[in-house]
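Here is the structure we will look at, set down as structure tokens.
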Amino acid sequence: MRLNGLKTGLCALAALAAVGAAPAALAHGAPDAVSALRQRPPQDEVIYFLLPDRFANGDPSNDHGGYAPERLVSGFDPADTDFYHGGDLAGVTRRLDYIQGLGATAVWLAPVFKNKPVQTHGNYTGAAHHGYWITDFTAVDPHFGDEAAMRALVEAAHARGMKVYLDIVANHTADVIQYRECPEGRCAYRSRADYPYTRRGGVDGAPINEGFDGRDFSRLTRPDYAYTPYVPAGEANAKVPAWLNDPIHYHNRGESTFAGESGLDGDFAGLDDLLTEDPVVVQGMIDIFGGWIDKYGIDGFRIDTARHVNPEFWQAFIPAMLERAEAKGIPNFHIFGEVYDPDPAVTARFTRVDGYPAVLDFPFQKQATDFAAGKTGGDALAKLFDADALYADGADTAAILPTFLGNHDMGRIGFFVKQANPDADDAELLARIKLAHALMMFSRGVPTLYYGDEQGFAGAGGYGNSRQDMWNSQTPVYRDTTPIGGRQPAYSTDAPLYQAIAEMAGLRAAEPALRRGRQMVRGYGDAPGLFAMSRMGDDGSEILIVFNSSSAPISAQVEVEPASLRWQALRGDCAAESSAPASVAVSVPPLDYLVCKSVP
């Protein structure tokens, strides 16, 4: 870290702290504090995504969630990657200092709704530590706390000027419904053509659901067109609200293959797939999640499994959520969907057809990771940013796409960089991961940090291997792996990546153009090396960011605006003056980056 960058970052972080301090001082009965944070547009945020179960244990008394302490009843086993480890909402509240110190301004929580604690699907048995096996959509899971704990977290975050985003699910519930034809529990998908809604058990079956026209799903009266669904004894009232207990509100077509029609109507790994064409389901989900906005003043939703729900559902649901938030005084309610695909032509469709304001930027994740890991040149990034035109409203929508480098399903940036560079030493891995974060922090979109990356967590892959405990873990695969940058005490603010990310966040906070400025790609090649881009300020200023993904220093001329003649260094060594109008010389060390700002 060069001295000029350090000073800039520290000054900006001090400004961030001051912004957070005012709401903290006004926490008791000062609506102006919350109103101020709600005026921030989505692109001003830095999001910190965490799984409450793995982040911090603030209340050990709820580790078993009020269930019997047996492992397969409560789901608590801190030595198993796929079981509960004890983290909760009280722990998140206690560690808000740590999150805010990193420069994050919004906390995205994995689902906190009440779940079925333990499920078995085929040969897999695990616990709902992740929160995606929901039974009661109206209550906090007792492993994480209760209504008071949820309210305390939101109020504490808001008092600091921080937003809270909830991860929500409308595609499915926990696995409760079974099929009589499949006593082993895994049923092959049965299509709409072979098993139409108007025949029992196939096209040659007896007529049912007479009067159903293929569009008005309120006219379905029987759910046994493909299989014969039933609710096992003792689970008749397992779900809340009560309408969720009736199989008529589910597709009941068997296991999804995640291809074609089954991607919409199939059971996601055995989870009960909601009939989202049904008006009861549409209105029911609007009521459920609108209730969370009303009750807690949530600031945004990340929506799980967006691509597995029909567009008509989202076309009704999303406007209803935005309207509900507006009525609550939340004009910048941020909604973004999970569309797990690296192709921007796929992700952009959900902003044009389904009506999503934004989607998680999986295409950015791939290209940024591959560039920083040294697998591709800057040309792939340039192609990615050219595709911003595909989104509804083009660059304006791209500006609010949450960008990220890894997550709880696919794995961490540390794992991807190590996988691409198996012979690299710790210093190289650390530099490449910093480079990836800089690319995310300074390019268009909303930077989204995955908890633990700032401590150098890497893991051995996705899913359970990417869900490390932030504390001293009892899980061998977590405990025995040395983080990139070296092992630090839990929640260390001295970890190299924590400090590097905090510096980047400080620069971003200090310079409006790095949050909202129009982005222009300035230079790149087809091999690892230079990638340059500018962010244009409303005041006519230009911020030039130049990355070097190669292991050798780079010197080059980079095109800039003709009026950008003099420069100051925000990070790194920048030329004081342009070489000529519209051209500036840059020299970037290996695996490093510059941030240079034009001055009048």
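Note on the chain: helix-only mean residue ellipticity at 222 nm, from DSSP H runs of 4+ residues weighted -39500 (n - 2.57) and normalised by residue number, equals -9000 deg cm²/dmol. Surface calculation, 1.4 Å probe, protein heavy atoms: Leu449 sits at approximately 10 Å² accessible.
Measuring with a 1.4 angstrom probe and ignoring ligands and nucleic acids, Glu70 comes out at about 100 Å² accessible. Placing a label point 7 Å from the Cα of Arg192 along the Cα-to-Cβ line, the residues of region 300-336 whose backbone N sits under 17 Å from it are 307-316. Remark: for residue pairs Lys163/Lys239; Lys375/Lys418; Lys116/Lys295, the C-alpha separation exceeds 19 Å in Lys163/Lys239; Lys116/Lys295. Accessible area per residue for the chain, computed on protein heavy atoms with a 1.4 Å probe, is 37 Å².
To the nearest 0.05, how large is the calculated FRET efficiency for Arg352 and Arg516 if R₀ is 22 Å and r is the Cβ-Cβ distance? Once the sixth-power term is evaluated, E becomes 0.45.
On region 301-430, 50 percent of the accessible area sits on carbon and sulfur atoms, based on a 1.4 Å probe. Here the Karplus relation 6.51 cos²θ - 1.76 cosθ + 1.60, evaluated at θ = phi - 60°, turns the backbone of region 104-121 into coupling constants of 6, 10, 9, 10, 9, 9, 4, x, 10, 6, 5, 10, 6, x, 9, 9, 10, 9 Hz, with x for every Gly and Pro. At an R0 of 30 angstrom, the distance between the Cβ atoms of Ala206 and Glu70 translates into a FRET efficiency of 0.10.
Taking every DSSP beta bridge that has both residues in region 33-140, what percent is antiparallel when rounded to the nearest 5? The antiparallel fraction comes to roughly 60 percent. Other residues whose C-beta falls under 11 angstrom from the C-beta of Glu45 contribute a net charge of +2, scoring Lys and Arg +1 and Asp and Glu -1. Other residues within the sphere of radius under 13 Å centred on the Cβ of Asp386, judged by their own Cβ, net out at 0 (K and R +1, D and E -1).
Proximity of backbone amide H atoms, modeled 1.01 Å from N, is registered between Gly205 and Arg200 at under 5 Å, excluding neighbours fewer than 5 places apart on the same chain. In the chain, the DSSP beta bridges split such that about 65 percent are antiparallel, to the nearest 5.
Remark on Ala392: its backbone amide H falls under 5 Å from those of Thr351, Arg352, a criterion applied only to residues 5 or more positions apart or on other chains, H modelled at 1.01 Å from N. For region 434-565, which whole-number percentage of the solvent-accessible area (1.4 Å probe, protein heavy atoms only) is attributable to carbon and sulfur atoms? Carbon plus sulfur share of accessible area: 48 percent. Fully extending the segment from Asp539 to Ala269 would add 92.0 nm, taking 0.36 nm per residue of separation and subtracting the current Cα-Cα distance.
Using C-alpha pairs below 8 Å separated by at least 6 residues, the relative contact order for the chain is 13 percent.
The values are calculated or read from the model by the stated rules, or taken from the named source; none is laboratory data. Every value quoted in this text rests on a predicted model; they were computed, and no experiment measured them. Glycine also receives a Cβ, built like all others from the backbone with ideal geometry; neighbour counts cover every protein chain displayed. Please note that ligands, DNA and RNA were not included when accessible areas were found on the heavy atoms of the full protein model with its side chains. Shrake-Rupley method; radii C 1.70, N 1.55, O 1.52, S 1.80 Å.
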